[in-house]
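Q: My structure is below; once you've seen it, I'll send some questions.
The values are calculated or read from the model by the stated rules, or taken from the named source; none is laboratory data. This one's a predicted model, so the numbers in the text were calculated from it and none came from an experiment. Cβ placement follows ideal geometry from the backbone for every residue including glycine, while neighbour counts extend to all protein chains displayed. Surface areas here come from the heavy atoms of the whole protein model, side chains and all, with no ligands, DNA or RNA. Shrake-Rupley method; radii C 1.70, N 1.55, O 1.52, S 1.80 Å.
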Amino acid sequence: MVPRTGVTVDIHPRDLPMALVGTAGGTLALWAHAPVGVAIPTALLIVLDIRIRRSRRRI
């Protein structure tokens with residue numbers, strides 16, 4: 001997927017220890033009885049700081 005012109009997507013890892021993130025993702029999957037297809041994207045949303053900015057051209 002390619003963003004449109006004027007849209008900036010910034011993806012940065014959060015300042016969290018990876019052991020904490022892995023434990024939280026595994027605990028979420030076990031506690032909620034969530035399938036792997038749900039637990040992994042949820043863990044990525046927790047780990048990554050995703051910012052979407054839209055800029056407009058001035059004429």
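Q: Can you list residue pairs whose Cβ atoms sit under 7 Å apart, with the first residue in the range 12-32 being open to solvent by 80 Å² or more (accessible area, probe 1.4 Å) and the second being polar (S, T, N, Q)? Count only pairs 6 or more apart in sequence or on different chains.
A: none
Q: For the range 7-23, what are the residues that are assigned to a helix (DSSP H, G or I) and in contact with a helix residue (DSSP H, G or I) (Cβ under 7 Å, 6 or more places away or on another chain)?
A: Listed by number, the list holds a single entry, 21.
Matching residues to (1) touching a Ser or Thr at 6+ places or on another chain (Cβ under 7 Å); (2) over 22 Å from residue 51 (Cα atoms); (3) at pLDDT below 80:
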site: 7; (1), (2), (3): no, no, no
site: 12; (1), (2), (3): no, no, no
site: 24; (1), (2), (3): no, yes, yes
site: 27; (1), (2), (3): no, yes, no
site: 41; (1), (2), (3): no, no, no
